[in-house]
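Note sheet for the following structure.
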Amino acid sequence: MTARERSKRFIANDTVDRPPFHPIVMRIAAKHAGIPYGKFCTDAKSKAVGYVRYADDFGMDWVTVMSDPYTEATAFGLPVEFPEDDLPKDTAHIIESIADIARLKKPSVENSARPMAAVDTIREYKKMSREEFIVGWVEGPMAEYADLRGLSSACTDLMDDPKAVCDAADIINAFAKEFASAQIAAGADCIGIGDAACSQIGPDLYRELFFPREKELVDHIHAQGALAKLHICGNTTALLPDMIRTGADIIDVDHLVKDMSAFAPLLGKKQVFSGNSDPVAVIERGDERAIRESVASCFQASRGRTITSAGCEIPPDARDVSMKIYRDAAYSLR
């Protein structure tokens, strides 16, 4: 059974040899392959090589295009610096005031360098004839608005002028749908939707403003024949019922959610969780017993409907031996 088959069959609630292993690795994959992080973020082939090397060496069942939150933001015009071997950082915001939303225009994917680099990364995986489950990525409407505006101002805007924020979110969603379609056409099996900022706004605003737009993205991805993964890191305990209601096939659950068991009955027959080991305290710093117990506990809490992953990115200093224990613990599940 290939990694792609395993992932698809597990999500579909069909028989598999074991659940999939999908740890979120970005900086650690680049470091392991000896690729400077600035190049990993911006060069399609380097990113593909880095992820494939990590998948081969640590038995991952997926590869992705993730590296930083600024892929779409650069297409909208956000100035971003890419240090040679460090995290990218924005140097300004393109929405300085609510009035600037009126000038926000949807870019074209094919004319945007970084979105096209993500598409090209997927093409690289296909050229390599890889057997992993390929996951593309788009930013969710709240996360992208926060990138363009700044998180503090974005949260204030939700109270001061929610209609204007919704206008921006609709433009953001229109671009995300075009970007998702391009990645699916290139060969992505699944599209992740990263909307981390939603964990900062509370369930009422989430339900009113961003749940409908995330569901719109999920429905679009499904209509294109791909699966959808929803990622909101942080404490999403109050959001999880609505996250599940988006219809996303994979629901990421961060370690700050203390008990997944209460939410497992809400999953549809062809929905799964992904998570929720603590990437620092357990995977990076924990001993073998802690890693194995966390993996088993996550699986049990979800009634066997969890892809093994941490709640968010594995830190770049996690030891190889810890990642191999993590893999072995994941492989032992049935």
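The values are calculated or read from the model by the stated rules, or taken from the named source; none is laboratory data. For clarity, every value in this text was computed on a predicted model and none was experimentally measured. Glycine gets a Cβ as well: all are built from the backbone with ideal geometry, and neighbour counts include every protein chain shown. Please note that ligands, DNA and RNA were not included when accessible areas were found on the heavy atoms of the full protein model with its side chains. Shrake-Rupley method; radii C 1.70, N 1.55, O 1.52, S 1.80 Å.
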- Hey, rough spin-label estimate for Asp160 and Lys105, points 7 angstrom out along Cα→Cβ, what's it come to in nanometres? 2.6
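Which three semi-axes in whole Å describe the equivalent ellipsoid of region 1-83, each the square root of 5 times a Cα gyration tensor eigenvalue, listed largest first?
Values: eigenvalues 167, 50, 14 Å².
Square roots of five times the eigenvalues give 29, 16, 8 Å.
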- Task: Give the Kirkwood hydrodynamic radius (Å, one decimal) of region 3-149, defined as one over the mean of 1/r across all pairs of different Cα atoms.
- Result: 16.5
- Can you give the Kirkwood hydrodynamic radius of region 168-276 from its Cα pairs, in Å with one decimal? 14.0
- Among region 299-320, those whose backbone N falls under 13 Å of a label point 7 Å along Cα→Cβ from Ala281 are 311
- Message: Multiplying the sequence separation of Lys269 and Ser332 by 0.36 nm and subtracting their Cα-Cα distance, what value in nm do you get?
- Response: 20.4 nm
- Post the alpha-carbon centroid distance, region 18-60 to region 104-149, in whole angstrom. 16
- Message: On C-alpha positions alone, give me the angle between the axis of helix 288-301 and the longest principal axis of the chain, in degrees, nearest 10.
- Response: 70
- Query: log10 I(q)/I(0), Debye, Cα-only the chain, no solvent, q = 0.07, 0.08, 0.13 Å⁻¹?
  - Reply: -0.25, -0.33, -0.94
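When the helices in the chain are scored as -39500 (n - 2.57) per DSSP H run of 4 or longer and the sum is shared across all residues, what 222 nm value do you end up with, to the nearest 500 deg cm²/dmol? The partial results should precede the final answer.
On the way: 13 runs with 147 residues, N = 334.
Theoretical 222 nm ellipticity from helices: -13500 deg cm²/dmol.
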- Item | Portion, in percent, of the accessible area of region 1-158 that falls on carbon or sulfur, probe 1.4 Å | 46
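Beyond 24 Å, how much of the Cα-Cα pair distribution for region 203-334 remains, as a whole percent? Walk me through the numbers on the way to the answer.
Values: 2652 of 8646 pairs.
Cα-Cα pairs in region 203-334 separated by more than 24 Å: 31 percent.
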- Message: If I take every Cα pair under 8 Å that is 6 or more residues apart in the chain, average their sequence separation and divide by the length, what percent do I get for the relative contact order?
- Response: 19
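Are there trypsin sites (Lys or Arg not before Pro) in region 267-320 that DSSP puts in a loop and that have at most 10 other Cβ atoms within 10 Å, and which ones? Mind showing how you got there, number by number?
Values: sites: Lys269, Lys270, Arg285, Arg289, Arg292, Arg303, Arg305, Arg319; in loops: Lys269, Lys270, Arg285, Arg303, Arg305, Arg319.
Taking region 267-320 and a limit of 10 other Cβ atoms within 10 Å, the loop trypsin sites (Lys or Arg not before Pro) found are Lys269.
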- Task: Among Thr308, Ala33, Tyr331, flag the residue with its Cα farthest along the positive direction of the charge dipole of the chain, charges on Cβ as +1 for Lys/Arg and -1 for Asp/Glu.
- Result: Tyr331
- Message: With angles folded into 0 to 90 degrees, how steeply does helix 162-186 sit against the dominant principal axis of the chain? Use alpha carbons for both and round to 10.
- Response: 50
- Task: Enter the angle in degrees (range 0 to 90, nearest 10) between the Cα long axis of helix 211-223 and the first principal axis of the Cα atoms of the chain, meaning the one along which they spread out most.
- Result: 70
- Message: What are the ³J(HN,Hα) couplings of region 73-80, residue after residue, when phi is run through the Karplus curve with 6.51, -1.76, 1.60 and θ = phi - 60°? Round to Hz, x for glycine and proline.
- Response: 4, 5, 5, 6, x, 5, x, 10
- Whole-percent pair-distance distribution, where bins are 10 Å wide, for the alpha carbons of region 206-257: 27, 54, 18, 1
- Message: Can you give me the convex hull volume of the Cα atoms of region 108-152, divided per residue and expressed in Å³?
- Response: 89
- Roll a 1.4 Å probe over the protein chains and send me the accessible area per residue for the chain in Å². 39
- Message: Bins of 5 Å, beginning at zero and ending with the bin holding the largest distance: percent of Cα pairs per bin for region 280-334, please.
- Response: 4, 21, 34, 25, 12, 4, 0
- Note on the structure: Extension length gain for Asp320 and Lys45 (0.36 nm per residue less Cα distance), in nm, is 96.6 nm
- Determine, for each peptide in 39-49, 83-93, the mean count of other beta carbons within 10 angstrom over its residues, then list the peptides with the highest first. 39-49, 83-93
- Message: Placing +1 on the Cβ of each Lys and Arg and -1 on the Cβ of each Asp and Glu in the chain, which of Phe133, Thr2, Ser153 has its Cα farthest towards the positive end of the resulting dipole?
- Response: Thr2
